[in-house]
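Input: one structure, supplied below.
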Protein chains: 4
Amino acid sequence: MRIGILTSGGDCPGLNAVIRGAVLKSSRFPGNEFVGFKYGWRGVVNADLMHLDRQTVRGLSKQGGTILGSSRTNPFEGPCGGPENISRVLKENRIDAILAVGGEGTLTAARRLAEAGLPVVGVPKTIDNDLAATDYSFGFNTAVEIATEAVDRIRTTAESHQRCIVVEVMGRNAGWIALHAGMAAGAHAILIPEQPRSIAQICEWVNSVRHRGRAPVIVVAEGFVLEGMTEAHSHKGLDAFERPRLGGIADILAPMIEAHTGIESRATTLGFAQRGGVPSAYDRVLATRLGMAAVDLVVQEQWGSMVALRGTKIVSVSIEEATHKPKLVPVQRYEEAAFLFG
Amino acid sequence: MRIGILTSGGDCPGLNAVIRGAVLKSSRFPGNEFVGFKYGWRGVVNADLMHLDRQTVRGLSKQGGTILGSSRTNPFEGPCGGPENISRVLKENRIDAILAVGGEGTLTAARRLAEAGLPVVGVPKTIDNDLAATDYSFGFNTAVEIATEAVDRIRTTAESHQRCIVVEVMGRNAGWIALHAGMAAGAHAILIPEQPRSIAQICEWVNSVRHRGRAPVIVVAEGFVLEGMTEAHSHKGLDAFERPRLGGIADILAPMIEAHTGIESRATTLGFAQRGGVPSAYDRVLATRLGMAAVDLVVQEQWGSMVALRGTKIVSVSIEEATHKPKLVPVQRYEEAAFLFG
Amino acid sequence: MRIGILTSGGDCPGLNAVIRGAVLKSSRFPGNEFVGFKYGWRGVVNADLMHLDRQTVRGLSKQGGTILGSSRTNPFEGPCGGPENISRVLKENRIDAILAVGGEGTLTAARRLAEAGLPVVGVPKTIDNDLAATDYSFGFNTAVEIATEAVDRIRTTAESHQRCIVVEVMGRNAGWIALHAGMAAGAHAILIPEQPRSIAQICEWVNSVRHRGRAPVIVVAEGFVLEGMTEAHSHKGLDAFERPRLGGIADILAPMIEAHTGIESRATTLGFAQRGGVPSAYDRVLATRLGMAAVDLVVQEQWGSMVALRGTKIVSVSIEEATHKPKLVPVQRYEEAAFLFG
Amino acid sequence: MRIGILTSGGDCPGLNAVIRGAVLKSSRFPGNEFVGFKYGWRGVVNADLMHLDRQTVRGLSKQGGTILGSSRTNPFEGPCGGPENISRVLKENRIDAILAVGGEGTLTAARRLAEAGLPVVGVPKTIDNDLAATDYSFGFNTAVEIATEAVDRIRTTAESHQRCIVVEVMGRNAGWIALHAGMAAGAHAILIPEQPRSIAQICEWVNSVRHRGRAPVIVVAEGFVLEGMTEAHSHKGLDAFERPRLGGIADILAPMIEAHTGIESRATTLGFAQRGGVPSAYDRVLATRLGMAAVDLVVQEQWGSMVALRGTKIVSVSIEEATHKPKLVPVQRYEEAAFLFG
């Protein structure tokens, strides 16, 4: 069997560990062969391939990024040629299955290709942890650890200057990173897309913290919207990569807080360092296991399925289940965290 | 309501986060009060208390160790006086409930006290992750991250000198730390208590790695036994604290491997640094949530119960369920990891 | 003898270690006493004091920020009252000496106070490492390590997407952080205030890197100016705290590079996380030694002097020497780094 | 010009950065070529070479270990053939100069080869920082940071259990790592080879710490000897690699302290993780600069010289100067640290 793997969408710690897990697992089945499509679906539609074997994936579990490269190409858009073209590429290159590692867009494409009769399985990838059907996705743990360490550092500066600092973390539609990093770092408020709040409420928290003699630290997800703030102002819906450099939500909130409370306030945005570099051990294990299990899906010809984490187990689910709606922070989880606020 | 909390047994990153979570959650219920028993059950039997409030637990989520101190005192042993004495202490100090944070021994004591009619709930604590009924216990994630980083470092030395290095990690009865750190760091063999292996098998792995031009790195749990090795030689069953300084299993394996393969081999034992210090964000979140949920158990008077992680949820389980047998590494998980060996 | 210590200006890892070093050293001389002025010179002019002893400074060497708080108050400005007022405060509080920890402004004030006959010594503090007379200042090493780790992480994302990423680090007038972090992380170009470069030169480097198949990573100090760019556009001269949120130099460079080279380019600014949090071991040792040595200056009544690092030794220098002009990156050091560019 | 580089002796973070610095610097001189000798002097005497160019050293500055491998082969011992053989190898492989990266043994060999007329220059390498003529050697900073982080972690466990913990770090003849890590982590005693102390003195420190309500943490260099303890018992003089597994000095001290003070005491040895893995930014910059400067020595034909750090400058010194006696911790530095003890 000859399997082709691709990685698509934004960078995410653990992509290389998925590739390594899949290749090493596959290498145990005699006759199996592995190739990589370069730069996501672009490599599929252009038949841009590289050979993958035990030697190629050596040491990859701890390496950030993806040796295959990534892109945001969608096989159903533009001149990609859709299923027919991909079917032809597979045939011409004697590839028996595609293992697609990507987010909602990639998985939806994978599902549609499978429905069109192509041999495709998926591995869910979202640094924001917002895909349903999996308890956690790889990369998320690393992002939370990095964000937490940054907030830990920033807090001492807030205290030294008796300032309020607003820290913006990733999370366009779902606030998981803010929720976890905020709880871990003991933030005095956590603001997430799922829970619009008014500036009055935020300032009440800030004042209460200051009243206890402390310097308020707020963790805000990039997709948070103030109650009453239109999406146009919040930049929600814009890709982090495409977002104009007007500054993010933290840059909007800090001066508002300062104006309302009289407390000096500053903003800082954590940026790309959250999504690159060496994955945490947690993400390496999860990504490796997902990569290995995806090979099982291929062997079992479970086209249109993907691997997922449930508790401590790797299971198989239909891609449909994972993509029909995003996994948002439930209100109970937000309220649990909010017990620690203010 | 006046709640007393204690932390018992070996150090574990996240203990302070449990204390903080419980105190902050409780402080939201008017009329609640919190005290800490110092040095585990010893503080209970001796009525050695400290007041705990919002101010006392400030900044604790990221602090290693336990501000309450710990000990290995068992309330059912020696001159502790058992349930009667504890009942008297609670009455004299107007304490309405005990929140016991500890491992198998502490939880078993908690269950027996609850059976004797005392108001006790539990929070599971085991750095080895070997308690049933909870997917993960806090501290384990931190230990795995530390061990993985150490193995990452040690690997470059193995490669530079073309040596085999055997790294001993914690895990007396269960190999979870070795399994996860070994997978994360790409170890060439993982040896755990649940899976005795012969020196011949180990050397086969070592030789196969060397044959591919690499320097073998082996991760071994302290409780691993060679097939045919008696427990007396393996030190299994001795407490890590009490274990005589004869050297651990890594010190036994390295010279055996060198003798059998002719490959220079060295041993290193990671030691106490695995179980202290700043908890990972993952453990801070888990420990905080467990501490908060334990207060709910108290409010609901679920004596004899403990909190646990299932998937992404904190649930309540009977302590019985968690303590009737240890959670060992299942054979499937070991075989999954073994796909990557050799 | 009764010594008062103050910390002034921007946050810097190691401030607490200086305080601890000074207090512990002093506590060895019988009869010595220590107090802290709160929030920099503001605490001096307002006689806002806190007692400092062995117990107060426990565990401080690894704690970020400053337990005394900081401010940007200048004793010679506004209603501070200058030397006369300070002299009165010292007399009224029986304080025999001031140990001032701060940057150029604070040290200049300390020198002028000493010239006016007041008993003041200094400890140099600049995260940018731009004070003359000392090889390194504490905090700088930590900032470089944090920036380097961030660039390491960001690089994998640049490679995965074949993008150019411009990373902005601290350094308003001197490019030391950019120079060191850029060299350590293997940046393809380093841009510093001391060395204006044209956009044409920068794009030549970027194209050359791309030509070798790599994703260009550029480290730029916040104070860098393009050749021909007026200061008004570069924001140079504005305080990092006061700088309007127009975006920094990285936000200016990235779109220019993309426009000139056609290579997708992104900007990221590391922000406050560079200047807070746990100090590196290097900075803890340096800060501790400086704090201890400053007490020697007090005992020797070397008013108007400050401590400094020369090679591996802590020496005493006149504040004059350290403040008459900033320590910029010499051209040879920039050329040395530039050998590795492009 | 064709230059050959070798790395010799124990692993040390920064070796790869030296190689990269030298190769990149050299690649700027047209006509220069670089080769690596594999496994130290063994590769020289056996003419075991690998080609090195810009591509080979890509990304090496942050990679631990050495891509050339290392060994303890001495060209003047055994069947190596001495200068004549090496001279022949150089001629046969058209190599114009040797750049030797190593410790005292390697540098002494380099000096003797230069005296015999061979074109050899040196780069000093010692994780223990015990070579004279250089303020710091690369790798030392990384080792101190790792040791400090470990002691930070271990301290919380000591406090939780009210135990004394003795942490053994590297340092056979010189106590630099113990001195720096001990100061950084706030150890209650630092024990180094240069300063024998009696068990009575150590226990006085331990008791004084305990008396203040704290858990004593002692940092001891592996080469420390108790006053009156013969070298045979202290294992001093044995190579860390060859040292029998009787346990180190920490394993000797802990039970003695417990016996004398009645305070529960434990030992832990940090081991190989101190000398491998990703170098700190400090070490990457230092190693890169040393590698680049060594190429200058070659170009200037300064045979028998080596590069060294003085203050912030890289200078050239005779190898003689660096090797005629080790750089030990001066008594003033020890006394400075001892101000913070007990």
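The values are calculated or read from the model by the stated rules, or taken from the named source; none is laboratory data. None of the values given here were measured: they were computed from a predicted structure. A quick note on method: Cβ atoms are made from the backbone with ideal geometry, for glycine too, and the neighbour counts reach across all protein chains shown. In case anyone asks, the SASA skips ligands and DNA or RNA and just uses the protein heavy atoms, side chains included. Shrake-Rupley method; radii C 1.70, N 1.55, O 1.52, S 1.80 Å.
Could you grab me the full set of residues in region B:299-311 that are under 20 Å from the mean Cα position of the chain (by Cα) and open to solvent by 40 Å² or more (accessible area, probe 1.4 Å)?
Of the residues in region B:299-311, the ones under 20 Å from the mean Cα position of the chain (by Cα) are B:305-311.
B:Arg310, the sole residue that qualifies.
Also: Quick one: in region A:259-272, of everything that is in a helix (DSSP H, G or I) and within 12 Å of chain C (Cβ to nearest Cβ), which residue is farthest from A:Ser160 (Cα to Cα)? Don't jump to the end; show me each part of the working.
To start, the set of residues in region A:259-272 that are in a helix (DSSP H, G or I) comprises A:259-261, A:271-272.
Among the residues that remain, those that are also within 12 Å of chain C (Cβ to nearest Cβ) are: A:271-272.
Details: A:Gly271: 24, A:Phe272: 27 Å.
By that ranking, first place goes to A:Phe272.
Same structure, new question: Within region A:283-300, count every residue that is at the interface with another protein chain (Cβ under 8 Å from one of its Cβ atoms) and in contact (Cβ under 8 Å) with a residue 12 or more places away in the chain. Before you say what the answer is, go through the steps one by one.
The initial filter retains those residues of region A:283-300 that are at the interface with another protein chain (Cβ under 8 Å from one of its Cβ atoms), namely A:284-285, A:288-289, A:292.
Filter once more, so that each one left must be in contact (Cβ under 8 Å) with a residue 12 or more places away in the chain: A:284, A:288-289, A:292.
Going through region A:283-300 one residue at a time, the tally reaches 4.
With respect to C:Ala114, is the statement that it is of a type in the set (A, V, I, L, M, F, W, C), more than 23 Å from C:Gly69 (Cα to Cα), open to solvent by 10 Å² or more (accessible area, probe 1.4 Å) and modelled with pLDDT of 95 or more true? Step through it out loud before you land on a result.
On the way: of a type in the set (A, V, I, L, M, F, W, C): yes; more than 23 Å from C:Gly69 (Cα to Cα): yes; open to solvent by 10 Å² or more (accessible area, probe 1.4 Å): yes; modelled with pLDDT of 95 or more: yes.
Taking the combined requirement at face value, the residue satisfies it.
Next question. Looking at C:Val57, C:Val35, C:Val23, which is the one that is open to solvent by less than 50 Å² (accessible area, probe 1.4 Å) and part of a helix (DSSP H, G or I)?
Selected residue: C:Val23, the only one of C:Val57, C:Val35, C:Val23 that is open to solvent by less than 50 Å² (accessible area, probe 1.4 Å) and part of a helix (DSSP H, G or I).
Out of all the residues in region C:273-282, which are within 18 Å of C:Val219 (Cβ to Cβ) and facing chain A (nearest Cβ under 7 Å)? Explain how you work it out, then say what you get.
We begin by selecting, within region C:273-282, every residue within 18 Å of C:Val219 (Cβ to Cβ); these are C:273-275.
Answer for region C:273-282, where residues must be within 18 Å of C:Val219 (Cβ to Cβ) and facing chain A (nearest Cβ under 7 Å): C:Ala273, C:Arg275.
Has region D:271-294 got at least one residue that is of a type outside the set (S, T, N, Q), closer than 30 Å to D:Arg210 by Cβ and buried (at least 21 other Cβ atoms within 10 Å of the Cβ)?
Looking for residues that are of a type outside the set (S, T, N, Q), closer than 30 Å to D:Arg210 by Cβ and buried (at least 21 other Cβ atoms within 10 Å of the Cβ), one finds at least one in region D:271-294, hence yes.
For the structure I just gave you, tell me whether C:Asp135 is at pLDDT 95 or above, open to solvent by 10 Å² or more (accessible area, probe 1.4 Å), closer than 30 Å to C:Ala215 by Cα and out of contact with any Pro (no Cβ under 9 Å at 6 or more places or on another chain). Give the steps one after another, and end with the answer.
Numbers: at pLDDT 95 or above: yes; open to solvent by 10 Å² or more (accessible area, probe 1.4 Å): yes; closer than 30 Å to C:Ala215 by Cα: no; out of contact with any Pro (no Cβ under 9 Å at 6 or more places or on another chain): yes.
Criteria not met by C:Asp135.
Can you say whether B:Val219 is surrounded by 21 or more Cβ atoms within 10 Å (Cβ to Cβ), at pLDDT 95 or above and away from chain D (no Cβ under 14 Å), as far as the supplied structure shows? Show your work before the answer.
Numbers: surrounded by 21 or more Cβ atoms within 10 Å (Cβ to Cβ): yes; at pLDDT 95 or above: yes; away from chain D (no Cβ under 14 Å): no.
Judged against the criteria, B:Val219 is not a match.
Moving on to the next point. Select from region B:197-216 the residues that are crowded, with 19+ Cβ neighbours inside 10 Å, in a helix (DSSP H, G or I) and within 12 Å of another protein chain (Cβ to nearest Cβ) and list them in ascending order.
B:Val209
Check A:Arg88 against each of (1) open to solvent by 10 Å² or more (accessible area, probe 1.4 Å); (2) of a type outside the set (Gly, Ala, Ser); (3) part of a loop (DSSP other than H, G, I, E, B) and name the one condition it does not meet.
Every condition holds for A:Arg88 apart from (3).
Looking at this structure, is A:Val317 open to solvent by less than 20 Å² (accessible area, probe 1.4 Å) and modelled with pLDDT of 95 or more?
Numbers: open to solvent by less than 20 Å² (accessible area, probe 1.4 Å): yes; modelled with pLDDT of 95 or more: yes.
It is true that A:Val317 is open to solvent by less than 20 Å² (accessible area, probe 1.4 Å) and modelled with pLDDT of 95 or more.
Looking at region A:62-119 only, could you name the residues that are more than 24 Å from A:Leu52 (Cα to Cα) and among the charged types (D, E, K, R)?
Scanning region A:62-119 gives A:Glu77, A:Glu84, A:Glu104, A:Arg111, A:Arg112, A:Glu115.
Looking at region D:204-230, I want the residues that are under 13 Å from D:Ser265 (Cα atoms) and have a partner that is open to solvent by 70 Å² or more (accessible area, probe 1.4 Å) and modelled with pLDDT of 95 or more with Cβ atoms under 7 Å, at least 6 apart or on another chain. Which pairs are those?
D:Pro216/D:Arg210
Next question, about the same structure. Within region A:279-289, work out how many residues are among the hydrophobic types (A, V, I, L, M, F, W, C) and not in a helix (DSSP H, G or I).
The first filter runs over region A:279-289 and keeps only residues among the hydrophobic types (A, V, I, L, M, F, W, C), leaving A:281, A:285-287.
After this cut, where a residue has to be not in a helix (DSSP H, G or I) as well, the list is none.
Matching residues across region A:279-289 total 0.
Another question, then. Do you know which residues across region D:145-172 are open to solvent by less than 20 Å² (accessible area, probe 1.4 Å) and away from chain B (no Cβ under 14 Å)?
The answer is D:Gly171, and nothing else.
Identify all residues within region C:60-75 that are at the interface with another protein chain (Cβ under 9 Å from one of its Cβ atoms), open to solvent by less than 40 Å² (accessible area, probe 1.4 Å) and part of a loop (DSSP other than H, G, I, E, B); write none if there are none.
Residues satisfying the conditions are C:Gly64, C:Gly65, C:Thr66, C:Leu68, C:Gly69, C:Ser70, C:Ser71.
Hey, any hits in region B:82-104 for a residue that's at pLDDT 95 or above, within 13 Å of chain D (Cβ to nearest Cβ) and under 23 Å from the mean Cα position of the chain (by Cα)?
yes
Examine region B:184-196 for a residue that is among the β-branched types (Val, Ile, Thr), surrounded by fewer than 24 Cβ atoms within 10 Å (Cβ to Cβ) and part of a loop (DSSP other than H, G, I, E, B), and state whether such a residue exists.
Keep residues of region B:184-196 that are among the β-branched types (Val, Ile, Thr), which gives B:190, B:192.
In the following step, the residues that additionally are surrounded by fewer than 24 Cβ atoms within 10 Å (Cβ to Cβ) were identified as none.
No, region B:184-196 contains no residue that is among the β-branched types (Val, Ile, Thr), surrounded by fewer than 24 Cβ atoms within 10 Å (Cβ to Cβ) and part of a loop (DSSP other than H, G, I, E, B).
Based on this model, can you work out whether B:Val101 counts as among the β-branched types (Val, Ile, Thr), under 28 Å from C:Lys62 (Cβ atoms) and either part of a helix (DSSP H, G or I) or outside the structural domain of B:Val120 (by TED's automatic domain parsing) (or both)?
Details: among the β-branched types (Val, Ile, Thr): yes; under 28 Å from C:Lys62 (Cβ atoms): yes; either part of a helix (DSSP H, G or I) or outside the structural domain of B:Val120 (by TED's automatic domain parsing) (or both): no.
Judged against the criteria, B:Val101 is not a match.
Okay, residues lined up against (1) within 20 Å of the chain's Cα centre (by Cα); (2) assigned to a helix (DSSP H, G or I):
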| position | (1), (2) |
| --- | --- |
| A:Gly277 | yes, no |
| A:Leu297 | no, yes |
| A:Lys325 | yes, no |
| A:Arg333 | yes, yes |
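Now a separate question. Residue under question is C:Ala143, and the condition is that it be within 22 Å of the chain's Cα centre (by Cα) and at negative phi; does it hold? Full working, then the answer.
Working: within 22 Å of the chain's Cα centre (by Cα): yes; at negative phi: yes.
Judged against the criteria, C:Ala143 is a match.
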